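What follows is one structure encoded as structure tokens, with my remarks underneath.
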Amino acid sequence: MLDAATLDSLAAAFAALGRLHREAPDETALRGFRDLIEDWPLAALEPEGKDSAAGPSNAGPSNAGPSNAGPSNAGPSNAGLPSAGLPNSGSSSAGPSNPGPSNPAPAGAAAVGEAGTADASTRTRWHGGTDAGRAATGAGMEQIRESARAGETPEEIRRDHDLLYGDTAAARVAPYESVHRGVDGLVFGEATLEVRAAYQALSLQAPKLNQEPDDHIGLEFDFMAQLTLQVIDALYGDDAARAEKLMTHGTDFLRDHLLAWAPQMLDLATQHAQTHFMKGVVLLSIGALDSYAELLDLPFERP
């Protein structure tokens, strides 16, 4: 049986990570994410082998401001992370996500404290995932803490993001599925078109359609977040059939796309990332994929 609380936690994690893979955070978003890391919605395995417990953040109060470009019409985000989501394409009858009986979710679950149906202070941390996945989550959380302790600046993180994913230079690690799975290693391959079709089935599309590939890892993460929010919406609307249909779509997408290439790509990214912050984002992403794969009983094969 689908559990809205678990799905809410997964939506929060995937949305926040999707945005950070797409764009490096500005000062406000960086401060906000560091503040919220202790409320990360997925459980971590600490070095001692114990589940992490939510605790107060030492990064100081967050002044995160509003984000104007969430990927759905569910409401404004107050998390301050940069816009990097999948806007509605208007190509189907799928309506906006509005999970919960009274408090609509922010658009695209833009950050940990603003995703899904509950804020970070009330969300139930999901203790799913394998030990290896929760260990990756714990290591990722520690890297984000170390980023704060080291005083890494938005400029340093932006430079690392640029060199890692090729924002303005040659990428150390290509963030596109088609590059990793295509025979010729080029963008806009068959995988790109398959991913585009999966988005369109939920009335979503890449923000720069036909200009940038649809199969960026950040967009694929954001897609899983939005699909999950739609499942929650269906559950609150007592539409079990739609919820199951959406979960089948998500299972197919996770198995046939993200799990088919992202583990290897993220492993490369852990080797090439130069800042604690980007290493943390990558490790948290490994943990998130492991958690969702376990929920759906899919194999998660690490390199």
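The values are calculated or read from the model by the stated rules, or taken from the named source; none is laboratory data. Treat the numbers as computed from the prediction; the structure is a model and nothing was measured. For neighbour counting, all protein chains shown are included, and Cβ atoms are generated from backbone atoms with ideal geometry for every residue, glycine included. Keep in mind that these areas ignore ligands, DNA and RNA; they rest on the heavy atoms of the full protein, side chains included. Shrake-Rupley method; radii C 1.70, N 1.55, O 1.52, S 1.80 Å.
P(r) for the range 260-303, from all Cα pairs and a bin width of 10 Å, is 29, 51, 18, 1 %, short bins first.
The range 190-226 and the range 1-33 have Cα centres separated by 17 Å.
Determine the share of the range 231-297's accessible area contributed by carbon and sulfur atoms, expressed in whole percent, with a 1.4 angstrom probe. If you can, show how the numbers build up before the last one.
On the way: 1140 of 2530 Å².
C and S fraction of accessible area: 45 percent.
Diffusion coefficient of the range 139-265 by Stokes-Einstein, Kirkwood radius over Cα pairs, 4 °C, 1.567 mPa s: 79 µm²/s. Counting only protein heavy atoms and using a 1.4 Å probe, the accessible area of D233 comes to about 50 Å². Of the three principal axes defined by the Cα atoms of the range 221-303, the extents in descending order read 46, 23, 16 Å. Can you check what the net charge comes to around T270, using other residues whose Cβ is under 15 Å from the Cβ of T270 (Lys, Arg +1; Asp, Glu -1)? Neighbour charge sum, excluding T270 itself: -2.
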